[in-house]
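The values are calculated or read from the model by the stated rules, or taken from the named source; none is laboratory data. Source: prediction; values computed, not measured. Here the Cβ positions follow ideal geometry from the backbone for every residue, glycine too, while neighbour counts run over all protein chains shown.
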Amino acid sequence: MSHDMLLRNKAWRIIVNASKRSPTFFVAFTGAVAAGSYYVASLTQGGTNPSDKKALFISDEKLKRNAGLHAEVLAKANKERLRVLLEEARDNKGDNTRYKAALNGESLGTHSSGTTIGAKAVE
């Protein structure tokens, strides 16, 4: 179907006929299309990805300012879990089950303060 649409287009027929008659025109047209595509892709990439490396990182203050209540509650819970985890590591409580689970992407966190010994993965 798109082939039929191209054949009906007079500009496309002119390009095809000129390409048949002149290999130089064919190479120039191919180069122009490739350069145009590269230029459009570069503009798109430059417009959507900042070139400044510092602009890629969002400051903690801005994250805290824009965070909602849900994010703040999750941050508090994660800090509490980390505190318990570090206390257990310092006091050599329990075994390495929690660390293995954390490396596998599971959570053996507690839902209250205390220890994680005997905790099961949260699903």
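Per-residue answers, yes or no, for (1) over 26 Å from the mean Cα position of the chain (by Cα); (2) at pLDDT 75 or above:
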{"site": "Leu74", "(1), (2)": "no, yes"}
{"site": "Arg81", "(1), (2)": "yes, yes"}
{"site": "Thr97", "(1), (2)": "yes, no"}
{"site": "Leu108", "(1), (2)": "yes, no"}
{"site": "His111", "(1), (2)": "yes, no"}
{"site": "Ala119", "(1), (2)": "yes, no"}
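Against the test of being of a type outside the set (A, V, I, L, M) and modelled with pLDDT under 75, the options Gly36, Gly47, Gly68 yield a single qualifying residue, Gly68. Beta carbons closer than 6 Å, at least 6 apart along the sequence or on distinct chains, pair a first residue in region 22-35 that is closer than 15 Å to Trp12 by Cα and surrounded by 10 or more Cβ atoms within 10 Å (Cβ to Cβ) with a second that is among the polar types (S, T, N, Q) and at pLDDT below 95 for Phe25/Ser19; Phe26/Ser19.
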